[in-house]
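The values are calculated or read from the model by the stated rules, or taken from the named source; none is laboratory data. Everything numeric in this text was worked out from a predicted model, so none of it was measured. When we count neighbours, we look across all protein chains shown, and the Cβ atoms used for this are built from the backbone with ideal geometry, even at glycine.
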Ligand SMILES: [Zn+2]
């Protein structure tokens, strides 16, 4: 993994800039999907499979002072299809001590070549694909000695991390943990770095008695060695990709929970363990929710979550053993500001999309990451309602739009210049929003049935984007190349100019939409959308399909409407420019039902803040059910005149004291200090000193 790309959090991903590859004109085949873009000279498909690893058994000891992994690997494998006497394994920076074939209890030495990156083994004979063989490799892995720039591309590629290994840093606990994605697990055990390579495994680790260990699957047994160490053996009997293998050890406290009859556990540093349930306690409910939503019960032996020290990115969805960064070590006060729940739901949803069904190549990474990102939305929608979920969806849209200005990349991209570049706002946030559009396009029933079909058909296997399309086509009975081609296999997004007007003579609403994106680089989109026309105290929904560069839709309406609400479901991944008046936005704020309806209106009020009706409308937003909109309204108070300030003062003062969301209380305190400093705020500011939220304390001291 290039950990800097692993920032799961949308706000972080939005600020990561990547080098651009040349944008090429996208020519879309209407029937079949071309893997390579015409004219592109790079093509990264799936890796060729020569050998299939069936099972890996590792026996690991550790030299903490020298940061060494001392390993014995037993690998059961077979040729993938064609007969062969050669096995090529990835193994970065090892000292190879022995390579042998195991036959009953005997070891038969084998010839091998090792170049510091690959171990090429010559077997004793040619094997057919139905003939298994078992290899024994004794080795020492030296992850800290891998040189950045020559052996590995970055610090994030070491694969195995000793934290304060020699115990000399009193500020850090002694731990180790691993990070396999993308192709880094071969820094600590010989394997095949290919997401298609799925295997079962058994890992034994010998560590000091004061430490606990974690790996994939279930703890099979633990034995005390009588020398101050113990050996734990973990087994996973269900196959998963080699990049998802993990080990960790350290002085963690384990808090145990349960989902149905399966163990759910939280590994935390002892100081934070008392708050483990506050931070991770919704996990069993999430597992139940995702099991029901997908129709596929959580398919693994257990689910553990571990918070380690100095983790590079946000979190990693190692099968049954997700690793999190230190920011999950939260106090109760910090939790008032950020629950980090989106990270928890993201990694958990990967256990269906990523771990159970895995993208077969890095080019198809969105099959993992777009789903995990959309998993956050699904959980938020279920737990906190559509209004809040739409707020998080809007944050994803914003993250993608601000990122996309720097580059135009296909979502599924066979022409990436570096596989680590796949971990970006296109694979995550844009992909998540595309799945939301797919859901709105085919309907909830079809969407979740298709996900179920995709998951069950490809369980414990890998998939590419066409497998997803085929599942949707089978369920809906529709050809969906148009959707998948324009969204998953092309770059950019629609830029829509929307002009709505009422023709009094004809008694008709006319909506003209122009697609203004650069059609040399970006597709002309086919966009089903709803147009709601509000007139005579009711509204009429019109379902239309935009498929031309400029298209006019007309609807008969007896009287001039108060509002024409285009994209009424507010689901389009697009930039929109509309010609609505302030009065129409005021109507939209009070009558249209969705978070995005109100957000669009509030953004318009901000822009038109010099007009009194906009300022009056903004005062009403102080009571909005969305905390983000309330915060925007509080921040707007600096633009009010004296009389208006007086009229909202009591409201803002009460928000500083008791708004349910800490960020709104903090914004209100900042407003009181800046925009209402002539008033007597002493009591409320004094009281806020008892508010535990860090954002409130920051606002008080700034
Ligand atoms: Zn992810």
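The table below lists the values:
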item	result
Selection within region 650-702 - in a loop (DSSP other than H, G, I, E, B) and closer than 22 Å to residue 334 by Cα	659, 660, 661, 689, 690, 691, 692, 693, 702
Count - residues of region 286-302 that are out of contact with any helix residue (DSSP H, G or I) (no Cβ under 7 Å at 6 or more places or on another chain) and in contact (Cβ under 8 Å) with a residue 12 or more places away in the chain	5
Test: residue in region 607-620 that is within 27 Å of residue 516 (Cα to Cα) and surrounded by fewer than 20 Cβ atoms within 10 Å (Cβ to Cβ)	yes
Candidates 496, 489, 524, 510, filtered to the one that is under 23 Å from residue 409 (Cα atoms) and either free of Cβ contacts under 8 Å to residues at least 12 places away in the same chain or assigned to a strand (DSSP E or B) (or both)	496
Helices (runs of 4 or more DSSP H) within region 305-421 that include 3 or more residues away from the ligand (no atom under 16 Å from the Cβ)	332-337, 366-384, 386-404
Pairs, first on the phi < 0 side of the Ramachandran plot in region 682-702, second assigned to a loop (DSSP other than H, G, I, E, B), C-beta under 7 Å, six or more apart	700/689
Out of 396, 387, sole residue that is under 22 Å from residue 411 (Cα atoms), assigned by TED's automatic domain parsing to the domain that holds residue 453 and modelled with pLDDT of 95 or more	396
Residue 468 being in contact with a helix residue (DSSP H, G or I) (Cβ under 7 Å, 6 or more places away or on another chain), within 26 Å of residue 47 (Cβ to Cβ) and assigned to a helix (DSSP H, G or I)	yes
